[in-house]
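J.: Pasting in a structure now, in structure tokens, and then I'll have a few things to ask.
The values are calculated or read from the model by the stated rules, or taken from the named source; none is laboratory data. All values reported here derive from a predicted model rather than from experimental measurement. Note that we place each Cβ from the backbone using ideal geometry, even for glycine, and neighbour counts take in every protein chain shown.
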Amino acid sequence: MPADQKVDYLELPARDLDAVQAFYEKAFGWSFTDYGPEYRAFSDGKIKGGFYRSAARSSTESGAALIVIYAANLDQTKEHVLASGGSLIKDIFSFPGGRRFHFADPNRNELAVWSEP
């Protein structure tokens, strides 16, 4: 059952649903459900969401919220993201509480990955 008053679902734009699905499956092991040519749902094992067909992209530069993924091994995850077809927006940097990097998926949606110090 969904938790009351908690974030329950995320949606992002994607011009090419097959490309974003292949990227997130390879980079993070997410599972997907195809709902036709306009929508693809995902689950990362903790949260669910979806990608809707759109030429738009989500980026902090345009004021979008930043989705941040946790990784126990930040350096290894960065290499895996790049090998899976992601591109680096901000290389690994420190912030109070840890380190992180920002990447773009095949649709140029910006997300980040963080790890403890």
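One line per residue, one yes/no per condition, for (1) surrounded by fewer than 16 Cβ atoms within 10 Å (Cβ to Cβ); (2) at pLDDT 95 or above; (3) more than 30 Å from G97 (Cβ to Cβ); (4) of a type in the set (F, W, Y):
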{"position": "D8", "(1), (2), (3), (4)": "yes, no, no, no"}
{"position": "A14", "(1), (2), (3), (4)": "no, yes, yes, no"}
{"position": "E25", "(1), (2), (3), (4)": "yes, yes, no, no"}
{"position": "G29", "(1), (2), (3), (4)": "yes, yes, no, no"}
{"position": "Y35", "(1), (2), (3), (4)": "yes, yes, yes, yes"}
{"position": "K48", "(1), (2), (3), (4)": "no, yes, no, no"}
{"position": "F51", "(1), (2), (3), (4)": "no, yes, no, yes"}
{"position": "R57", "(1), (2), (3), (4)": "no, yes, no, no"}
{"position": "D75", "(1), (2), (3), (4)": "yes, yes, no, no"}
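J.: Does region 28-40 include one or more residues that are acidic (D, E) and over 17 Å from N107 (Cα atoms)? Working first, answer last.
T.: Narrowing region 28-40 to residues acidic (D, E): 34, 38.
Adding the requirement that they be over 17 Å from N107 (Cα atoms) leaves 34.
Yes, that holds for at least one residue.
J.: Next question. Those residues that are in contact with a Lys or Arg (Cβ under 8 Å, 6 or more places away or on another chain) and under 22 Å from L82 (Cβ atoms), I need them from region 15-66; list them, please.
T.: Selection gives R15, L17, V20, Q21, F32, F42, F51, R57, S59.
J.: Let me confirm something: among A65, A27, which residue is within 19 Å of S115 (Cβ to Cβ), under 16 Å from the mean Cα position of the chain (by Cα) and not charged (D, E, K, R)?
T.: Numbers: A65 fails: within 19 Å of S115 (Cβ to Cβ).
Answer to the selection: A27.
J.: Let me ask another. Go through region 83-92 residue by residue and tally those that are within 18 Å of S59 (Cα to Cα) and without any contact (Cβ under 8 Å) to a residue 60 or more places away in the chain.
T.: Of the residues in region 83-92, 6 are within 18 Å of S59 (Cα to Cα) and without any contact (Cβ under 8 Å) to a residue 60 or more places away in the chain.
J.: Picking from A27, A14, A3, which residue would you name as being without any contact (Cβ under 8 Å) to a residue 24 or more places away in the chain and of a type in the set (G, A, S)? Please lay out each step first, then the result.
T.: Values: A27 fails: without any contact (Cβ under 8 Å) to a residue 24 or more places away in the chain; A14 fails: without any contact (Cβ under 8 Å) to a residue 24 or more places away in the chain.
None of the others qualify; the one that does is A3.
J.: Please determine whether any residue of region 99-110 is loosely packed, with under 14 Cβ neighbours inside 10 Å and over 15 Å from the mean Cα position of the chain (by Cα).
T.: Checking region 99-110: not a single residue is loosely packed, with under 14 Cβ neighbours inside 10 Å and over 15 Å from the mean Cα position of the chain (by Cα).
J.: Tally up the residues in region 68-106 that are part of a loop (DSSP other than H, G, I, E, B) and over 12 Å from P117 (Cα atoms), please.
T.: 5
J.: Here is a check on your reading of the model: is V68 in contact with a Pro (Cβ under 8 Å, 6 or more places away or on another chain), within 18 Å of N109 (Cβ to Cβ), among the β-branched types (V, I, T) and surrounded by 10 or more Cβ atoms within 10 Å (Cβ to Cβ)?
T.: Considered against the rule, which asks whether it is in contact with a Pro (Cβ under 8 Å, 6 or more places away or on another chain), within 18 Å of N109 (Cβ to Cβ), among the β-branched types (V, I, T) and surrounded by 10 or more Cβ atoms within 10 Å (Cβ to Cβ), V68 comes out as no.
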